[in-house]
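*Asks:* So that we are looking at the same thing, I have put the structure below in structure tokens.
The values are calculated or read from the model by the stated rules, or taken from the named source; none is laboratory data. Keep in mind that this is a model prediction, so the values were computed, not measured. Neighbour counts are summed over all protein chains in view; Cβ atoms, including those assigned to glycine, are modelled from backbone coordinates with ideal geometry. Ligands, DNA and RNA are excluded from the accessible area calculation, which covers all protein heavy atoms including side chains. Shrake-Rupley method; radii C 1.70, N 1.55, O 1.52, S 1.80 Å.
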Amino acid sequence: VRFGKSETLKSSTCYVSPSGEKIQTRENVRDLGVIMSENLRFDEHISTIVNKGTQLCGWILRTFKTRSQETMMLLFKQLVRNSLEYCCPLWSPNEEFLKKKIEKVQRTFTRRIKGLSGTDRPSYWDRLQLLNIYSLERRRERYMILYTVKALTGLVPNPGFVVHQNKRTGLHLVVPWSRSISGIATEKMKDRSILVQGPKLFNILPKDLRMEYENISIESFKHRLDEFLRTIPDQPTVAGLGRAADSNSIIDQIKTLHQ
């Protein structure tokens, strides 16, 4: 797979194996379970995991007669949700149509649970509360926050987060400038990356949580993070349901609480 805008350079460049055979050019390749595309988007990867998740949901519903909440959610979490979240800090989308595409897997499955099905079933937002689960979108943002904290504390590689201290507002991470550049990383692709989204999500956390990340264990941080997230509305985009925030991202939802 070759990245870049110059089609002339691509067509004139040939790569060969150690044996001298020409290496086939492909638009998409799987690397450690994630499909990388030559346009640096993850649409193909998202379509693949959504199709797999949908198939697994169908297998569960065909194989098990029970529709009890406990059994259904156990099967979904163990067999489906893992495949929908693998390595998500890398590929998590900003585009609303891709968020809805992923969310549909959980939204469709939860309405098959006993007591949550039928024409008078609770809305998806209500089902999330009744089942005490996050939307898949909220879980991806939670993972990005946790990856950012792990990177700051040396538990995982740091992609380049820069810490900034402010006497009044406390510790923040520097958000890279989002500006158009002529290379392969377009402004939209850059804004979708963990290097941009990680600092944005970290910076909206309460000051005391931002200041304490170095002094508490990652498990304690997770607990305090979940306490904070429970105060933020979790309202993924669903036809017929309107929310005050521009999107369900924590970044937008928290703004409505301060209005």
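*Asks:* Of all residues being outside any strand (DSSP E or B) and open to solvent by 90 Å² or more (accessible area, probe 1.4 Å) in the stretch 20-44, which is farthest from residue 92 (Cα to Cα)? Just the residue, please. Spell out how you get there, then give the answer.
*Replies:* First, the residues of the stretch 20-44 that are outside any strand (DSSP E or B): 20-21, 23-27, 32-33, 38-44.
Filter again for open to solvent by 90 Å² or more (accessible area, probe 1.4 Å), leaving 21, 24, 26-27, 32.
Working: 21: 36, 24: 28, 26: 23, 27: 20, 32: 16 Å.
Here the answer is 21.
*Asks:* Right, here's the next one. Only residues that are touching a residue at least 40 places away in the same chain (Cβ under 8 Å), open to solvent by 10 Å² or more (accessible area, probe 1.4 Å) and either of a type in the set (D, E, K, R) or in a helix (DSSP H, G or I) (or both): list them for the stretch 106-116, please.
*Replies:* Answer for the stretch 106-116, where residues must be touching a residue at least 40 places away in the same chain (Cβ under 8 Å), open to solvent by 10 Å² or more (accessible area, probe 1.4 Å) and either of a type in the set (D, E, K, R) or in a helix (DSSP H, G or I) (or both): 107, 108, 112, 114.
*Asks:* Within the set of pairs 6+ apart or on separate chains, which have a first residue in the stretch 130-146 that is under 14 Å from residue 93 (Cβ atoms), a second that is modelled with pLDDT of 95 or more and of a type in the set (Lys, Arg), and C-beta atoms under 6 Å apart?
*Replies:* Every condition considered, the pairs that remain are 137/99.
*Asks:* Something else about it: Residues of the stretch 62-83 being out of contact with any helix residue (DSSP H, G or I) (no Cβ under 8 Å at 6 or more places or on another chain) and in a helix (DSSP H, G or I), which ones? Before you say what the answer is, go through the steps one by one.
*Replies:* Residues of the stretch 62-83 that are out of contact with any helix residue (DSSP H, G or I) (no Cβ under 8 Å at 6 or more places or on another chain), as a first pass: 62-63, 65, 67-68, 70-71, 74, 77-78, 82.
Those that are out of contact with any helix residue (DSSP H, G or I) (no Cβ under 8 Å at 6 or more places or on another chain) and in a helix (DSSP H, G or I): 62, 63, 70, 71, 74, 77, 78, 82.
*Asks:* Can you report the number of residues in the stretch 82-97 which are without any contact (Cβ under 8 Å) to a residue 60 or more places away in the chain and surrounded by 20 or more Cβ atoms within 10 Å (Cβ to Cβ)? Outline the logic, then answer.
*Replies:* First pass over the stretch 82-97, keeping only residues without any contact (Cβ under 8 Å) to a residue 60 or more places away in the chain: 82-88, 91, 95, 97.
So of that shortlist, the ones also surrounded by 20 or more Cβ atoms within 10 Å (Cβ to Cβ) come out as 84, 88, 91.
Selection size over the stretch 82-97: 3.
*Asks:* Looking only at the stretch 1-19, which residues are open to solvent by 100 Å² or more (accessible area, probe 1.4 Å) and touching a residue at least 12 places away in the same chain (Cβ under 8 Å)?
*Replies:* Of everything in the stretch 1-19, just one residue is open to solvent by 100 Å² or more (accessible area, probe 1.4 Å) and touching a residue at least 12 places away in the same chain (Cβ under 8 Å), namely 5.
*Asks:* Sticking with this one: Could you grab me the full set of residues in the stretch 12-45 that are more than 30 Å from residue 82 (Cα to Cα) and small (Gly, Ala, Ser)? Explain how you work it out, then say what you get.
*Replies:* The first filter runs over the stretch 12-45 and keeps only residues more than 30 Å from residue 82 (Cα to Cα), leaving 12-25.
Within the stretch 12-45, 12, 17, 19, 20 meet the criteria.
*Asks:* Since residue 45 meets every condition but one in (1) at pLDDT below 95; (2) in contact with a strand residue (DSSP E or B) (Cβ under 6 Å, 6 or more places away or on another chain); (3) not polar (S, T, N, Q), which condition does it not meet?
*Replies:* (1)
*Asks:* Considering only the stretch 178-199, state which residues are of a type in the set (Ser, Thr, Tyr) and modelled with pLDDT under 70. If you could, list the steps in order and put the result at the bottom.
*Replies:* Start the filter on the stretch 178-199 by keeping residues that are of a type in the set (Ser, Thr, Tyr), which leaves 178, 180, 182, 186, 193.
Listed by number, the residues that qualify are 178, 180, 182, 186.
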